[in-house]
């Protein structure tokens, strides 16, 4: 797939679906980017509002918005660049819902119709190194989740901590546009991870009348190119 307004820092856009379960009514677009190849006119040439930030942040923002525009064009026939709200969350066109992620040199966006989906949350993460994962575990995992690490070796623990982090990021992205209320890592708990690369999360707080303590959400994940990708797609 090619784009007439692809910035010099981005690889050709891809609609490859790496996750184990497909959703025919959503569109996932991804790219790889190189901050050292970002040009001063890339934002203007690509029709993306420029942000005042370091080169790495500019490149990942530009890459994510380019992916979002292409995904929206696939969905609606009219590509547009989601603006950023006061809370910095993407502002999706009326009737659509979506999510943007970036990690390392990878960026992606997923979009769908509000007629089909209440929320979409997509998150990519580099695998957290074992020693750093142990340091971060208490910030990401609840006491119950920490207890469940016991039977795992150090590499398995690092993967589980990364997965828990990413799954909760995807949960936030899927739910925040619905509830407009921030919540944190200890406000949800990973209940299960299955061999077919699905997971289940449970809310530990009330967010609104629809999303209350005990609400359960499922998602899926995969590993590719040294990244872990999670997706939570909540049907209408």
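The values are calculated or read from the model by the stated rules, or taken from the named source; none is laboratory data. All values derive from a computational prediction rather than experimental measurement. Every residue, glycine among them, receives a Cβ derived from its backbone with ideal geometry; neighbour counts consider all protein chains shown.
Within this structure, residue 107 passes the test of being under 15 Å from the mean Cα position of the chain (by Cα), closer than 22 Å to residue 234 by Cα and modelled with pLDDT of 95 or more.
If the condition is being in contact with a strand residue (DSSP E or B) (Cβ under 9 Å, 6 or more places away or on another chain), surrounded by fewer than 19 Cβ atoms within 10 Å (Cβ to Cβ) and either outside any loop (DSSP other than H, G, I, E, B) or modelled with pLDDT of 95 or more (or both), then the stretch 27-50 contributes 32, 34, 37. Of the numbered conditions (1) farther than 20 Å from residue 20 by Cα; (2) buried (at least 19 other Cβ atoms within 10 Å of the Cβ); (3) touching a helix residue (DSSP H, G or I) at 6+ places or on another chain (Cβ under 8 Å), residue 124 satisfies every one except a single condition; which is it? The number of the failed condition is (1). Selection of the stretch 114-138 for residues being within 13 Å of residue 162 (Cβ to Cβ) and touching a residue at least 40 places away in the same chain (Cβ under 8 Å) yields 123, 124, 125, 126, 127.
Yes/no matrix, rows are residues, columns are (1) free of Cβ contacts under 8 Å to residues at least 60 places away in the same chain; (2) touching a helix residue (DSSP H, G or I) at 6+ places or on another chain (Cβ under 9 Å):
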site: 13; (1), (2): yes, yes
site: 28; (1), (2): no, yes
site: 50; (1), (2): yes, yes
site: 59; (1), (2): yes, yes
site: 69; (1), (2): yes, yes
site: 83; (1), (2): yes, no
